[in-house]
1. Exactly one of (1) over 18 Å from the mean Cα position of the chain (by Cα); (2) more than 10 Å from every other protein chain (Cβ to nearest Cβ); (3) among the hydroxyl-bearing types (Ser, Thr, Tyr); (4) farther than 19 Å from A:GLU66 by Cα is unmet by A:SER119. Its number?
2. Being over 20 Å from B:ARG430 (Cα atoms) and not assigned by TED's automatic domain parsing to the domain that holds B:ASN172 is the requirement here; does B:THR264 meet it?
3. Tell me which of these B:LYS168 doesn't satisfy, since it passes every other one: (1) surrounded by 23 or more Cβ atoms within 10 Å (Cβ to Cβ); (2) in contact with a strand residue (DSSP E or B) (Cβ under 9 Å, 6 or more places away or on another chain); (3) among the basic types (Lys, Arg).
4. Cβ contacts < 6 Å: first residue more than 8 Å from chain B (Cβ to nearest Cβ), restricted to the range A:69-84; second residue among the polar types (S, T, N, Q) and part of a helix (DSSP H, G or I), any location; separation 6+ or different chain. Result?
5. Of the residues that make up the range B:12-30, is at least one more than 12 Å from chain A (Cβ to nearest Cβ) and either among the acidic types (Asp, Glu) or under 29 Å from B:GLU203 (Cα atoms) (or both)?
6. With the condition kept exactly as written, say whether any residue in the range B:311-325 is surrounded by 19 or more Cβ atoms within 10 Å (Cβ to Cβ), within 12 Å of another protein chain (Cβ to nearest Cβ) and within 30 Å of B:THR240 (Cα to Cα).
7. Within the range B:371-381, track down each residue that is surrounded by 24 or more Cβ atoms within 10 Å (Cβ to Cβ) and either in contact with a Lys or Arg (Cβ under 6 Å, 6 or more places away or on another chain) or more than 28 Å from B:SER130 (Cβ to Cβ) (or both).
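The values are calculated or read from the model by the stated rules, or taken from the named source; none is laboratory data. Not measured: the values here are computed from a predicted model. No Cβ is skipped: glycine too gets one built from the backbone with ideal geometry, and neighbour counts run over all protein chains shown.
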Amino acid sequence: MTSTVTTLTGRGIPLTGNDIDTDRIIPARFLKCVTFDGLGAHAFEDDRIQRQGEHPFDQPQYQGAEVLVVNRNFGCGSSREHAPQAIAKWGIKALIGESFAEIFFGNCVAMGIPCLTASEADVKALQGAIATNPQRTVTVDLTTMTATCDDLSIPLHMGDGPRQMFLSGSWDATGQLVAQADQIRTTAANLPYTRWSA
Amino acid sequence: MSHGTLFDKVWALHTVGTLPSGQTQLFIGLHLIHEVTSPQAFAMLRERQLSVMFPERTVATVDHIVPTDSQARPFGDSLAEAMMQELETNCADYGIRFYNIGSGSQGIVHVIAPEQGLTQPGMTIACGDSHTSTHGAFGAIAFGIGTSQVRDVLASQTLALAKLKVRKVEVNGTLKPGVYAKDVILHIIRKLGVKGGVGYAYEFAGTTFERMSMEERMTVCNMSIEGGARCGYVNPDAVTFEYLRGRDAAPKAADWEKAVGWWTCLRSDPDAEYDDVVVFQAEDIEPTVTWGITPGQGIGISETVPVAAEMPPEEQVIAEEAYQYMDLAAGTPIKGTPVDVCFVGSCTNGRISDLREAATVAKGRHVAAGITAFVVPGSERVKQQAEAEGLDKIFEAAGFEWRNAGCSMCLAMNPDKLVGRQISASSSNRNFKGRQGSSSGRTLLMSPAMVVAAAVTGQVTDVRELL
């Protein structure tokens, strides 16, 4: 059901700023839905309105970009998967940042979207390189853990667990989890609270 | 690597095995769902022809989209009505217990599970909502998840996770009058930062937390996520056990004694090892108010809006963004800032003790001219209890609107929203740009008592002057 994620090549889009929360990525009014369809059009909607065409998601040079490069603590706040879904449906296939909020990162893993971290200096250098020449592609390589853009090459980081899930194609964990049904029932039966009467 | 903490023990007991990726497959003892983050998860189950492995371990309610004034069905908002129907259908199809509006037990998911005794020490608890950290107040390992993970829990009652580090956040001493649990957590987030907790579970320890009621501990744990920590917990003790005794889902008869024994064993050992320890003193904490656009941008009520140049470099950009968005200048006292809307409620501060504190300040006073003020109980049970105590009458006499249970203006997925550039004094948990429903609306986070103080004076006020 799932496929391996090893390397990705696409044009980059820099989005600067620390602590960009999921309410900004997808405002709550767009959570009134029973599917994730159509969220891409509303990614960063209020920020985009405020910046009147100057938001990277609206700038012509970044249309069609696939690698989003962000700064510190990206995706903090609400657990809404609608946030990474909106970004993915806009066209993003991988993120590079100084750091990611934990739930956002986990949601991205479950969707097959790698979030890689790099040092502040390297992230800023990559954002600069993309802004200077938006038509150049960025290659994200999970085997060598590097991102390259022209002559810039930066080291990337990701925990071993999630990295293996991408490389082995097991980022969609459901099948693996369900396959352990017997073990799950044993673990449950050994927990005292599953046997108490309420 | 932590060792001997409650987190380590509960993690080990719930470990099903190690996945090929090296991650832990963790059993989830209690799964809570609501209307916003579950419909797509059920759709994925249907698409893959998977069933719900432990339907009795999932409990549903409706909270985010619920109107807090008229709750007649169908809802006026057709999108909200569609979400409601989706949840009703999914719960019926998969045999999941659902506390619907009018059941007497509906409410904010993080209010109803504790009040029914569903939340217990030593459990792992997951919910598609970041404020699931609330349940850690009982000594549970509780955290928010996204929709794909909701699917995984429904299908397998487990999650693929990497173990967190454990930071002991110790606060000792006695809080001064007018300083509440909300001020303690706002102070901690201010000091440790909004990303300080990423990769950590926070263990809240020390005499200040030991003396807190369960509801106060819930307020603290609720906002762990605002400090970046996916979960926060307090070791279970006599306060925890007394709160749970006799509640609907709490263990009964002979099982009660067994439960207390087991819960006690799970407490962090006296010689437990932590990945990090930080210590604060309760007497240093003032009533705290946020001035910016992250929950870490907080200051004591007697302080002035901080100057960017005096901050660490990584905080300067967002500070500049905050001055502009909030229209507050560096160096300005936060006290005296005029407000438009005052909101008491939310999973942080919508419990009966919060309403009692708020009513204490409201009694005999009146909401200032031009201010909209409303009180939203966290659950139908909280509402009933408050009415039995006459709190609704105190609020109404003081000019507050008294509403039905729901998330209300915390996140504005329902009709309760800020308009334009309105500024709110809010007992909720997030002051992000646009959070309360207007893309230019502004939020000042504070304790419920401070919200009432702002409502009756029309401006940010030190509640200690009114006590």
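1. Condition not satisfied by A:SER119: (1).
2. So B:THR264 fails the test.
3. Here B:LYS168 meets the rest and fails (1).
4. Once the first residue is more than 8 Å from chain B (Cβ to nearest Cβ) and sits in the range A:69-84, its partners that are among the polar types (S, T, N, Q) and part of a helix (DSSP H, G or I) give A:VAL69/A:GLN127; A:GLY75/A:THR22; A:ALA83/A:THR22.
5. From the range B:12-30, those more than 12 Å from chain A (Cβ to nearest Cβ) are none; that's our starting set.
For the range B:12-30, residues more than 12 Å from chain A (Cβ to nearest Cβ) and either among the acidic types (Asp, Glu) or under 29 Å from B:GLU203 (Cα atoms) (or both): absent.
6. no
7. B:VAL376, B:PRO377, B:GLY378
Matching residues to (1) closer than 30 Å to B:MET84 by Cα; (2) crowded, with 19+ Cβ neighbours inside 10 Å; (3) away from chain A (no Cβ under 13 Å):
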site	(1), (2), (3)
B:LYS393	no, no, yes
B:PHE400	yes, yes, yes
B:ALA412	yes, yes, no
B:SER426	yes, yes, yes
B:SER447	no, yes, yes
B:VAL456	no, yes, yes
B:VAL460	no, yes, yes
